[in-house]
Amino acid sequence: MKKTATYGLLIALALVFSYIESIIPIPVPIPGIKIGFANLVVVFALYRLDAKAAGVISILRVILVGFMFGNMSAIMYGLAGAILALIAMVVVKRLSFHVMTVSLIGALAHIIGQMIVAGAVTDYGAVMYYAPYLLIASFIAGIIIGVISNILISRIPIDMN
């Protein structure tokens, strides 16, 4: 029962973060750039619960946000990024890297997953034009999420028993 409630609370929190981020514009001229505050919940779940929990939360959040605020295209891009990011973060975490590195690699993997889909759907040339800007933005976002996640992980325990 606690497990279901914990998953539900974390998914709801990720949805709230996604919604808030969607209504607060970031003043950069490149479309689609976000900090990714919902990823705080995913990184937190990866460390405080496990990879399965982080995966469930991440994938359900992408699907729910896509249906609530986006469309099938948003779901397709979101899933590509989320799945690649989760795989990368699990691998890096298992190699005993710091949460900051895990977050950073996750952010970079997320945008790479989205760029792969964008290139397949549109034109890889256009994607490569934006790639440096997207990768720099992801690097910065990964650091921000890593710093905040590290604080949250050290201060918020979860008891699943």
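No lab work stands behind these numbers, since they all come straight from the coordinates. As the structure is a computational prediction, the values presented were derived from the model and not from experiment. Glycine gets a Cβ as well: all are built from the backbone with ideal geometry, and neighbour counts include every protein chain shown.
A Gaussian network model of the chain, with springs between Cα atoms under 10 Å, assigns the largest mean-square fluctuation among Arg61, Arg94, Arg48 to Arg94. Sorted largest first, the spans of the alpha carbon positions of segment 34-83 along the three principal axes are 31, 21, 17 Å.
Per residue, the chain reaches -28000 deg cm²/dmol at 222 nm when only DSSP H runs of four or more residues are counted, each adding -39500 (n - 2.57). At an R0 of 30 angstrom, the distance between the Cβ atoms of Ile143 and Lys2 translates into a FRET efficiency of 0.40. Backbone phi angles across segment 100-111, fed through the Karplus curve with coefficients 6.51, -1.76 and 1.60 (θ = phi - 60°), yield HN-Hα couplings of 4, 5, 4, 5, 4, 5, x, 5, 5, 5, 4, 6 Hz in residue order; Gly and Pro are listed as x.
How much of the pair distance distribution for segment 2-155 lies past 18 Å, counting alpha-carbon pairs only, in percent? Walk me through the numbers before you get to the answer.
Details: 6530 of 11781 pairs.
I get 55 percent for the Cα pairs in segment 2-155 exceeding 18 Å.
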